Every structure is written in C-alpha cells, then in structure tokens.
Amino acid sequence: MSPPQADKAGLHILLKLAALVIILAGIHAAADILVQLLLALFFAIVLNPLVTWFIRRGVRRPFAITLVVTAMLVMLTALLGVLAASLNDFVAMLPDFNRALTRKILQLQEYLPFLNLHINPERMLRRMDSERLMTWATTLMTQLSGAMASIVLLVMTVIFMLFEVRHLPYKLRFALNNPRLHIAGLHRALKGVTHYLALKTLISLWTGLIVWLGLLAMGVQFALMWGVLAFLLNYVPNIGSAISAIPPMLQALLFSGIYECLLVGALFLVVHMVLGNMVEPRMMGHRLGMSTLVVFLSLLVWGWLLGPVECCSQCR
C-alpha cells in the first residue's frame, strides 16, 4: 500500500496539471480579446517613448498622444490597404503558381527517376480551381475588413493605456505592501522591455525596407508583401528570417529559375548576417541566447493558443 505522503504528492501533481489545462483552455477561448489587449500593450510600450519625447519638448500629453496615435493609425491603414491590393493580385496568380509548381515537379520527376514520383498534373490543377480561389479570396477580404474594424478598438485601447501610464506608479503605491521596492523593479523591467521592443521594431523596419528594395531591384513580384512579411517575422528570434525567406525564394524558383532563387536567398542571408548578427547585438548590448527548439515550440504553442499574430510576440 502506498504511503499517504506519496498519494498526496501525486494528487497535487494531478491537480496542478488539471489547473494548467483549464487555464490554457480559458486562454484559447478568450484568444480574440486577449490578442487585442496584448497588441494594444505592445503598441503602447513602443509608442510611449515617442509620447514622452514630445512632452519633454513642451507638447501637452493629450496633443502628444493624439499626434503619435494618429500617425500610427495612418500608417496601419495605409499598410493594410496596400497589403489588400497585393493579396488580391497574389490570389489572382495562384493558378499560375500551381501550373509552374506542376511543371517543376514533372521536370524533377524526369531528371530524377529514382525518386519514384507519381504526379497527376490534372489532379494538381483541380486543387486550385476558380471556385476554391474565389472562396479563399472572399474569406481573405472579409478578414481584412474585420481587421480594419478591429483597428478602432485597438487604437482606443492604446490611447487609454498611454493616458494611464503616468498614473500607474501612484496606483501601485496603494496596492503594494512595499511600493518603493516593487515600483523600482517594475520601472527597470518596463524600461528594459521598452528599450528592447523599440530597438527590435527599428531593426525589423530596416529588415523589411531592405528586403522590399532588394526584391524590387531584382524584379520579384509582390516585393512589398514579402518585405512586410520579413518585418513581422523578424520579431521571431533565430528562425523568423529563415521562414520569411521561403515564400519569395519559392516564387523566384517557379517563375525565374534557380539562379534568381539563390539571389533572393543570398539577400535574406546578408540582411540576417548584417542586421541580425552584427547590428542588433551591438545595439542591444547582449544576445538573447534562446534555443531554436524552444522558439519553434513556442510558435506552435502560442500559435494554437492565440493565433498566428501573438505567437510571434509571445515567443520572444
């Protein structure tokens, strides 16, 4: 018979695992509102230094917040509009992608018969018929319209957060037992997070801009869309740059050839080596030292819990 202490220890472990499952299920169920709040917190942390910069130069806080948030709203709206147009053209070209991919696979089957590939071109082409493409395009445009509507809620939340930042230390003094110690620690943590996110955003902007201009110079289609993808995935340590390079490399391989594909890959490699391995560590002052496996598993877990947007930010 097992001793009572062992039974209690096993029961405690089971209760903790059950509580963890319940918490994760609750996070997954509330993903829509949590994503809005976390995105708003991200923008508030990034924009607060700009607001502080304007205030130090004599601009009143309401005007500073209005100016910064308006600039953010204009940039987001313009970016979504351009992306919607690019995605519309991209969807229209999907049949061409499918035909080019079929040709490449048939060539591979001809050159490498030992692979024993059995390809049916008609079947591959039917997988991207016009009805499916129109359904996918309609769903995509609907999601973009929903994103435009969500921007209003996001902007309002960011505005309230920026107004509440200056009152946070006063409220914590009444809520904490040792306010001086906790507020000092919170201030250091917030300063570190703000510094990291601001520099990471700046480096990600450089990454997206260089990728966009480089692909544009090479004549690669949808260069702006791939630049935006490089900007977003640059927030993911270690593997973000590699993931963002796959779609434009595949596109260049299908429509231009292996030489152009290697050029696109070289562009992403140079950008990652210069900005990721030289500029970023120098500006940050340290390396994150994160395991690639941990980052990949974080993408899977947070991607399931909160969706593809928050998995990029939470895996940091």
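The numbers here are math on the coordinates, done by the rules we state, and not lab data. Here the structure is a predicted model, which means the values were calculated and not measured. Using ideal geometry, Cβ is built from the backbone for each residue, glycine included, and neighbour counts are taken over all protein chains shown.
Annotations
- Paramagnetic label zone (point 7 Å from Cα along Cα-to-C-beta, residue 239; backbone N under 18 Å) in the range 19-46: none
- Label zone at residue 266, where the point sits 7 Å out along the Cα-to-Cβ direction: the range 201-222 residues whose backbone N lies under 19 Å: 210-221
- Least to most buried among 204, 256, 244 (fewest other Cβ within 10 Å first): 256, 204, 244
- If R0 is taken as 35 Å, the Cβ-Cβ distance between residue 55 and residue 78 corresponds to a FRET efficiency of 0.85.
- Full-stretch length increase - residue 91, residue 274 - with 0.36 nm per residue and alpha-carbon distance subtracted: 62.6 nm
- Theoretical FRET efficiency, 1/(1+(r/R0)^6), r = Cβ-Cβ of residue 256 and residue 216, R0 22 Å, to 0.05: 0.95
- Figure legend: label point modelled 7 angstrom from the Cα of residue 189 along Cα→Cβ; no residues of the range 21-35 have amide N under 17 Å from it.
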